[in-house]
Amino acid sequence: MQTFTVARDGSEVAVKIKDTSTRGYTFFLLARAHPQGRWPGETQAWLIQPGAPERAFRAPKEAFEELLHELAPAWRRVSRSGS
């Protein structure tokens with residue numbers, strides 16, 4: 001894992017995993033509000049990964065579980081490679 005950051009106000013969690021993609025990493029953002037301000041006032045949790053469809057969840061727990069589901073394969077790839 002390259003970085004794991006929680007916003008001061010607790011509204012976002014950003015995770016950056018080193019990998020073998022052309023970019024060299026995979027980035028995930030878990031946010032209470034859409035990061036570009038779309039759908040203001042909606043109670044949702046957003047899971048954003050550049051290049052992938054945005055995913056919205058009514059329950060934050062579901063969004064966090066999906067983030068863990070996404071991180072597990074990336075973490076296994078990194079641990080096998082010794083990085």
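Data for the structure
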{"item": "Among the residues listed as Glu65, Glu12, the single one being surrounded by 15 or more Cβ atoms within 10 Å (Cβ to Cβ), modelled with pLDDT of 85 or more and of a type outside the set (Ser, Thr, Tyr)", "result": "Glu12"}
{"item": "Filter result for Thr26 (assigned to a strand (DSSP E or B) and modelled with pLDDT under 90)", "result": "yes"}
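The values are calculated or read from the model by the stated rules, or taken from the named source; none is laboratory data. Since the model is a prediction, treat every value here as computed from it, not as a measurement. Using ideal geometry, Cβ is built from the backbone for each residue, glycine included, and neighbour counts are taken over all protein chains shown.
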